[in-house]
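Notes follow once the structure below has been shown.
The values are calculated or read from the model by the stated rules, or taken from the named source; none is laboratory data. Predicted model only: the values in this text are computed from it and were never measured. Cβ placement follows ideal geometry from the backbone for every residue including glycine, while neighbour counts extend to all protein chains displayed.
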């Protein structure tokens, strides 16, 4: 199927979105408010992202009336769009006073208790406004607790856009991820590599590390792939032996792979975890960090005998706001009371999609692979066996773009070149349609 034909069909289907994009481009850089969301779109050829008008369940409708089965939205909507339980909680809280009705509310207690009962490492939790804030504060806590400066991150892992961790996210790892961040910001950042246990042990011995932050299972990018379990175990062993705080980034995997997140899914407990997305029911102002009390208490401004520079300050106008707390509690309560059935359902659909896509690729001798973990899968066009996030660079990016854009024209939406995030409201019929359209694409 020719790319020109796919692009022409797509452009012809979105006249109102094109007009909206022209208007948006006049008042904001590149017409978007998340730089990464325009990168995959070749706007120079008139291929621009659709502007959405409505969403419910697993579906979205754009301003031109096109209907999409949604497999993206940043992995933030494990319960789908506008879940009735979340909507009801938001409506009731808005009627009571909205988000800002004082700094302290009952929902903070209810939601904190819910998080600490679900997440294995969470003895205490504090909420913030994004995953980026969460990783920043987790690093701050670890440094305050250990009285050490250096932190290590694993190459290929994304932990939000905070300066000290915004390095070695995508190849080439030795080049800056963005402008505006001086190299000095990374003076105390050490880069590790998945699977390299010897390098991990060496880094721990040669550097006085406060923390190691990683994703047990890749949430944003990384194909949704789980790190090798032996390497995860090595991370736990090395950090315990050297008094290093182990931080697991659960911004996307939290409450998705299992009620207790990736740490429950893989069966290994970190010292701290970073939360986001579903922690506020997917409505925004979503962030948090949780873990061992002895570490979390370093954020307590009332610690006797400590000066302010001896504790970790965290703050934020909307941190723990009553609207996010109400929505988050409603969402997590629903997941919790389902006792894992919602997570198993979404994971089984992901495994079904991966299995059937790979069977088709093998039967037709197509140089492609479906990879991922549970409800997070991706398709890559390469013969090279994909075992870690580092193998993803071998994919044919042009072929992946063409495949994804074709799916969009058929009502199957994900951000071009990115993961498919399967939610608790997707159905077997949705997966059958995805597989059917994939077959049609390659045989068309």
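The set of residues in the stretch 43-53 being touching a helix residue (DSSP H, G or I) at 6+ places or on another chain (Cβ under 8 Å) and free of Cβ contacts under 8 Å to residues at least 24 places away in the same chain consists of 43 alone.
When you check residue 362 against the structure, is it farther than 16 Å from residue 218 by Cα, free of Cβ contacts under 8 Å to residues at least 60 places away in the same chain and either touching a strand residue (DSSP E or B) at 6+ places or on another chain (Cβ under 9 Å) or assigned to a helix (DSSP H, G or I) (or both), yes or no? Criteria met by residue 362. Residue count for the stretch 380-402 satisfying the condition of being closer than 15 Å to residue 223 by Cβ and buried (at least 16 other Cβ atoms within 10 Å of the Cβ): 11.
As a summary of the residue check, residue 258 satisfies the conditions (1) within 21 Å of residue 169 (Cβ to Cβ); (2) in contact (Cβ under 8 Å) with a residue 40 or more places away in the chain except for the one numbered (1). Taking the conditions exactly as written (loosely packed, with under 15 Cβ neighbours inside 10 Å and in a loop (DSSP other than H, G, I, E, B)), does residue 175 satisfy them or not? Here the answer is yes, as residue 175 does meet what is asked. May I ask you to list the residues in the stretch 178-202 that are within 17 Å of residue 139 (Cβ to Cβ), part of a loop (DSSP other than H, G, I, E, B) and in contact with a helix residue (DSSP H, G or I) (Cβ under 8 Å, 6 or more places away or on another chain)? Of everything in the stretch 178-202, those that are within 17 Å of residue 139 (Cβ to Cβ), part of a loop (DSSP other than H, G, I, E, B) and in contact with a helix residue (DSSP H, G or I) (Cβ under 8 Å, 6 or more places away or on another chain) turn out to be 181, 188. Against the test of being within 21 Å of the chain's Cα centre (by Cα) and under 29 Å from residue 81 (Cα atoms), the options 437, 418, 352 yield a single qualifying residue, 418. Among the residues of the stretch 426-441, the ones that are surrounded by fewer than 21 Cβ atoms within 10 Å (Cβ to Cβ) and either out of contact with any helix residue (DSSP H, G or I) (no Cβ under 9 Å at 6 or more places or on another chain) or closer than 21 Å to residue 11 by Cα (or both) come to 6 in all. Flag not set for residue 352, criterion: in contact with a helix residue (DSSP H, G or I) (Cβ under 8 Å, 6 or more places away or on another chain) and at pLDDT below 95. Looking across the stretch 365-384 at every residue that is at pLDDT 95 or above and assigned to a loop (DSSP other than H, G, I, E, B), the one that is nearest to residue 62 (Cα to Cα) is identified as 375.
So that you can scan it fast, the table gives a plain yes or no per residue for (1) over 28 Å from residue 306 (Cβ atoms); (2) modelled with pLDDT under 95; (3) surrounded by fewer than 22 Cβ atoms within 10 Å (Cβ to Cβ); (4) within 18 Å of the chain's Cα centre (by Cα):
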site: 113; (1), (2), (3), (4): no, no, yes, no
site: 128; (1), (2), (3), (4): no, no, no, yes
site: 149; (1), (2), (3), (4): no, no, yes, no
site: 156; (1), (2), (3), (4): yes, no, no, yes
site: 164; (1), (2), (3), (4): no, yes, yes, no
site: 186; (1), (2), (3), (4): yes, yes, yes, no
site: 213; (1), (2), (3), (4): no, no, no, yes
site: 219; (1), (2), (3), (4): yes, yes, no, yes
site: 222; (1), (2), (3), (4): yes, yes, no, yes
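For the stretch 62-95, a tally of residues being over 16 Å from residue 425 (Cβ atoms) and either modelled with pLDDT under 95 or touching a strand residue (DSSP E or B) at 6+ places or on another chain (Cβ under 7 Å) (or both) returns 3.
Of all residues in the stretch 40-62, those satisfying the criterion of being surrounded by fewer than 17 Cβ atoms within 10 Å (Cβ to Cβ) and in a loop (DSSP other than H, G, I, E, B) are 42, 46. Could you list, in sequence order, all residues of the stretch 262-281 that are more than 14 Å from residue 157 (Cβ to Cβ), out of contact with any helix residue (DSSP H, G or I) (no Cβ under 8 Å at 6 or more places or on another chain) and crowded, with 24+ Cβ neighbours inside 10 Å? 263 - this is the single residue of the stretch 262-281 that is more than 14 Å from residue 157 (Cβ to Cβ), out of contact with any helix residue (DSSP H, G or I) (no Cβ under 8 Å at 6 or more places or on another chain) and crowded, with 24+ Cβ neighbours inside 10 Å. For the stretch 283-300, the criterion of being surrounded by 24 or more Cβ atoms within 10 Å (Cβ to Cβ) and free of Cβ contacts under 8 Å to residues at least 60 places away in the same chain is met by no residue.
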